[in-house]
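Read the figures in this text as sums done on the coordinates, not as results from a lab. Keep in mind that this is a model prediction, so the values were computed, not measured. All Cβ positions, even for glycine, are placed from backbone atoms using ideal geometry, and neighbour counts span all protein chains on display.
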Amino acid sequence: MRASENWMWGLARPLAVVVKEHTAKTLLEAVFEKGGLQFSIEGIELNSGRNSPYRLGIGPMMDAETTLLIGGAFADVIVAEGLECDMLGADAYQGIPIAVATSIALLRSYGISVEMVFVRKEMKRHAEGGRLIGPSPKGKKIVFVDNALSSGKAFELAFEAVYAEAQPELQVVGNVVMLDREERGLDDTRSAAQKILDVYGVRTHSVLKRRDVMARLEMPSTILHGVSEEDRQRLLVLMEHYHARHGA
């Protein structure tokens with residue numbers, strides 16, 4: 001039975017609404033504890049091309065326990081927001097383990113089974129070829145997942161790659177990210193999330209937002225691995241300046 005026709009969606013939603021906030025708080029603590037947030041006074045170049053004092057990378061969190069937590073957090077959001085889907089879509093590379101973990105969590109926690117399709121960085125010229133790995137997305141209801149939303153560039157590239165394979169039968173019912181950085185799109189006055197909604201008709205949901213990260217950083221008890229208290233204070237200022245320049 002296709003997931004979008006599964007009666008489990010209606011049964012599962014009330015539970016997901018209840019547990020979603022707790023799971024998000026637990027994940028935020030894991031992000032800090034595992035070093036998923038990287039900080040730099042000099043700045044880190046993002047996929048958008050912007051130079052940011054921080055970024056979220058899931059590499060340091062790729063142990064079994066934290067991976068299950070990530071998948072559970074995404075599954076909670078998908079079910080709580082009513083994003084009934086048949087398939088998860090993800091761009092290489094960080095989106096792939098997120099999609100795998102989320103599909104497992106959807107089945108384990110809510111009894112919902114979905115397929116997955118992954119977008120390669122480059123076209124494959126041999127074997128099965130193409131840009132996609134996984135079942136055909138034609139006629140499927142898809143939710144895209146990724147680690148973060150900054151300018152929306154990664155979503156746009158993933159959407160176009162899947163659309164090229166599935167048109168005109170592509171149905172994207174949602175975009176879910178671990179962290180919404182609450183930034184504007186490239187060369188745009190709209191937030192990245194609003195631009196995706198306006199251009200692609202897809203609403204973005206997040207487990208965490210920039211404001212959650214800032215609130216946690218501002219706590220006097222916050223200790224960052226390899227970052228002095230003086231540099232933590234400097235980072236807070238730099239992050240505010242960055243948001244004043246690029247924030248929505």
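The residues PHE159, PHE74, PHE32, when put in order of fewest to most other Cβ atoms within 10 Å, stand as PHE32, PHE159, PHE74.
The C-alpha radius of gyration of the stretch 194-248, expressed as a fraction of 2.2 N^0.38 Å, stands at 1.48. Across the chain, the relative contact order, built from alpha-carbon pairs under 8 Å that are at least six residues apart, equals 18 percent. Counting every other Cβ atom within 10 Å of each residue's Cβ, MET87, MET62, MET219 order from fewest to most as MET219, MET62, MET87.
Amide H to amide H, with H built 1.01 Å from N, ARG190 comes under 5 Å of GLY185, counting only residues 5 or more places away or on other chains. Taking Cα atoms only, the orientation of helix 64-80 departs from the longest principal axis of the chain by about 70 degrees. Dividing the helix sum by the residues of the chain, where each DSSP H run of 4 or more adds -39500 (n - 2.57), gives a mean residue ellipticity at 222 nm of -14500 deg cm²/dmol. Which entries in LYS34/LYS121; LYS20/LYS195; LYS153/LYS209 show an alpha-carbon gap greater than 24 Å? From LYS34/LYS121; LYS20/LYS195; LYS153/LYS209, over 24 Å: LYS34/LYS121; LYS20/LYS195.
Among beta bridges from DSSP that stay inside the chain, the antiparallel ones total about 30%.
Computed from point charges on the beta carbon alone (+1 for Lys and Arg, -1 for Asp and Glu), the dipole magnitude for the chain about its Cα centre is near 300 Debye. Exposure proxy ranking for VAL176, VAL237, based on other Cβ atoms within 10 angstrom of each Cβ and starting from the fewest, stands as VAL237, VAL176. To the nearest 10 degrees, how steeply does helix 229-246 sit against the main Cα axis of the chain, on a 0 to 90 scale? Its long axis makes an angle of about 50 degrees.
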